[in-house]
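The values are calculated or read from the model by the stated rules, or taken from the named source; none is laboratory data. These figures come from a predicted structure and were not determined experimentally. Positions of Cβ are generated from backbone atoms using ideal geometry, with glycine treated the same way; all protein chains shown enter the neighbour counts. For the accessible areas, the whole protein counts, side chains as well, though only heavy atoms, and no ligand, DNA or RNA atoms are used. Shrake-Rupley method; radii C 1.70, N 1.55, O 1.52, S 1.80 Å.
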Amino acid sequence: MTVDLDEPTTPAPARPRARRRWLFALLIVVLLGQMAAAMVVTAVQQTPTIDEPVYVGTAITYVQQHSLRYNPEHPPLGKLIMAAGLVFAQPKLDPAFRGNQTALGRHVLYSAGNDPYELMFFARLPMIILTLLFGLVVFAFARDLVGPVGGLLALALYAFSPDVIAHGSLATLDVPAAGFLLTATWLLWRARGRPLPYVPLAGLALGAALATRMSVLPAVPVLMLLAFLAVKRLRGVAAAGGLAAIAVAVVWVVYLAVDPTLRFLHPIGMPVIDGLRGLAVDLLPFPVPYRDGMRIQFAFEDRTFNGFLFGHPYKGSRWYYLPLAMLVKTPLGLLVLWLAGTVALLIVPRLRIAALYLLLLPAVLFVVAMTGSRDFGSRYAVFMPVFLAVAAAAVVALRWRWAHLTAAVLTLFVAVSSLRTFPYYLPYSNEAFGGPAKTHLRLHDSNVDWGQDLGRLADRLRERYPGEQVWLVYKGAGLPAAYGITAGNPLKTPAADVHGLLVVSDSAAARAGARLKSLLRTSGEPVDEVGHSITIYRRP
């Protein structure tokens, strides 16, 4: 195998170049168009996942009450973006409402007179648009590295990534934070030749990431290092400091946009974080609500949560959980191209510096995520398909005869795998692990069943099982009655009296207690399933 050593080429005539630009533009539109269609259909069909009602309710209080009291563990920017769509739904919120953030989410969706489907769609729509815009960043970054063909390859891998489609179509914070980080990294790559305006713009993007999720804080020193390397010498020190200062300023602006007076009451029961972590929180140059949110996040990390991996429930976390979850949840062709792109970045001389920009940050974030206390899903590493889509484009720089054809075949394999799971992207797993119908055997929670199929269940019961007795064990944030589901609770009823349809969320089954295990064991084989996340049994 030989590599591209930047041999000079003869410029193409102007007219063919123009036609080629139009062809590339058309392919970009097609790729983003199919991604948009997939995300919109998914957003319309899915009912609220577990986290979404809290974010939606908080976003409404930002606009109507300018209050920071709900959901302090996450900064406001992502929810402000949701609010940009929610204003078109004209949501109602009882000013006299009192309750915690979970009750707030349920109130705005089901008790305040709002249409839950309409509310969720308008909250999700800005996130869909933002995810598509990040696709343009993926294309631009890869084009800067290896040309427009590489840009199209990277965009295709991004646009067909089941994890990006699944979480980009939800009113959640994972994809926006990852996209802002990629944007900051791309701008710093461009700053190597032109510090202004790219370093300040990178500071804005980093600030947006910090104002979306606190889990991106480990990215700050990495991006400061990249800023230093982009400019070098004493100006590099100024660039790194300026990047951090602008990012901090963005966080302050976002909080002030919600409440210009920063009237923030410490939540009751605010955890006390001692030691080095407590000192670090106190030294952060962020608003008090941000630092209190960090304390809550550290308290979460000190708790013990339930996990489930390859059929085995457990308590606590496993360092190898996230690598295995990514192995299951990533298309096989994408795994191969990620590896090939990483190798290309390291062996093609002119791309070695790009390896620092594309591999260091996701590696740091991935290691940090592996040490977390919550084994809840591959979404905690959704930055991987975002960054590594660009890294994979490096394969076009290999001067191996079959490199382009092999990359095209693998990309087609990724596209077919992704399209086959439509519109059930959340429970996706690759063919080596049986596809989306088998994901619940190996993973749980947001990997497969995050409460998203309550509406689909209502449709299935109405169409196939009208009038039948239903017993429901549902793990999610939705309210079954709001979707027309009338069901009993089999866990509070003697097993001998549980007859008819037993409907169980797969995440509930993964962590079943003794009572539910007994019911499942005596219910025979499933008679139906909904969205690869809910299983239906018939009990005589």
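Observations, loosely collected:
- Qualifying residues in region 166-185 (those that are without any contact (Cβ under 8 Å) to a residue 60 or more places away in the chain and of a type in the set (A, V, I, L, M, F, W, C)) - the one nearest to F383 (Cα to Cα): F180
- Checked against (1) of a type in the set (G, A, S); (2) open to solvent by 40 Å² or more (accessible area, probe 1.4 Å); (3) touching a residue at least 40 places away in the same chain (Cβ under 8 Å), A238 passes all but a single condition, namely (3).
- Residue match in region 269-284 (condition: β-branched (V, I, T), in contact (Cβ under 8 Å) with a residue 24 or more places away in the chain and part of a helix (DSSP H, G or I)): no
- Check on R401, part of a loop (DSSP other than H, G, I, E, B) and either at positive phi or open to solvent by 40 Å² or more (accessible area, probe 1.4 Å) (or both): yes
- Residues (surrounded by fewer than 15 Cβ atoms within 10 Å (Cβ to Cβ) and not hydroxyl-bearing (S, T, Y)) located in region 348-372: P349, R350, R352, I353, A363, V364, V367
- If you go through region 421-442 and keep only what is among the aliphatic types (A, V, I, L, M) and open to solvent by 10 Å² or more (accessible area, probe 1.4 Å), you end up with A432, A437, L441.
- Of the residues making up region 502-524, those that are assigned to a helix (DSSP H, G or I), without any contact (Cβ under 8 Å) to a residue 60 or more places away in the chain, surrounded by 12 or more Cβ atoms within 10 Å (Cβ to Cβ) and of a type outside the set (A, V, I, L, M) are R515, S518.
- Residues of region 180-212 that are of a type outside the set (A, V, I, L, M, F, W, C) and either open to solvent by 10 Å² or more (accessible area, probe 1.4 Å) or closer than 24 Å to A392 by Cβ (or both): T183, T185, R190, R192, G193, R194, P195, P197, Y198, P200.
- Some residue of region 266-278 being under 25 Å from T131 (Cα atoms) and of a type in the set (D, E, K, R): no
- Taking every residue in region 346-368 that is touching a residue at least 12 places away in the same chain (Cβ under 8 Å) and charged (D, E, K, R) and pairing it with any residue that is open to solvent by 70 Å² or more (accessible area, probe 1.4 Å) and not in a helix (DSSP H, G or I), at least 6 positions away or on another chain, the pairs with Cβ-Cβ distances below 8 Å are R350/L5; R350/D6.
- Test: residue in region 144-165 that is charged (D, E, K, R), free of Cβ contacts under 8 Å to residues at least 12 places away in the same chain and farther than 30 Å from E118 by Cβ: no
- Residue that is least open to solvent (accessible area, probe 1.4 Å), among those in region 443-471 that are on the phi > 0 side of the Ramachandran plot and part of a loop (DSSP other than H, G, I, E, B): G451
- Filter pass, H499 being closer than 30 Å to Y320 by Cα and either surrounded by fewer than 15 Cβ atoms within 10 Å (Cβ to Cβ) or modelled with pLDDT of 95 or more (or both): no
- When E529 is tested against the conditions (1) over 32 Å from the mean Cα position of the chain (by Cα); (2) surrounded by fewer than 18 Cβ atoms within 10 Å (Cβ to Cβ); (3) part of a strand (DSSP E or B), the lone failure is (1).
- Elements of type helices (runs of 4 or more DSSP H) in region 90-179, at least 1 residues being open to solvent by 10 Å² or more (accessible area, probe 1.4 Å) and aliphatic (A, V, I, L, M): 101-110, 116-146, 148-159
- So L327, is it out of contact with any strand residue (DSSP E or B) (no Cβ under 9 Å at 6 or more places or on another chain), within 30 Å of L443 (Cβ to Cβ), open to solvent by 50 Å² or more (accessible area, probe 1.4 Å) and assigned to a helix (DSSP H, G or I): yes
- Test: residue in region 432-447 that is free of Cβ contacts under 8 Å to residues at least 12 places away in the same chain and among the aliphatic types (A, V, I, L, M): no
- Odd one out for A477, checked against (1) open to solvent by 10 Å² or more (accessible area, probe 1.4 Å); (2) out of contact with any helix residue (DSSP H, G or I) (no Cβ under 6 Å at 6 or more places or on another chain); (3) of a type in the set (A, V, I, L, M, F, W, C): (2)
- Of all residues in region 189-201, those that are in contact (Cβ under 8 Å) with a residue 40 or more places away in the chain have Cβ atoms under 8 Å from Cβ atoms of residues that are of a type in the set (K, R), 6 or more apart or on another chain, in P195/R235.
- Per-region count, region 283-308, residues of a type outside the set (F, W, Y), open to solvent by less than 90 Å² (accessible area, probe 1.4 Å) and out of contact with any Asp or Glu (no Cβ under 8 Å at 6 or more places or on another chain): 11
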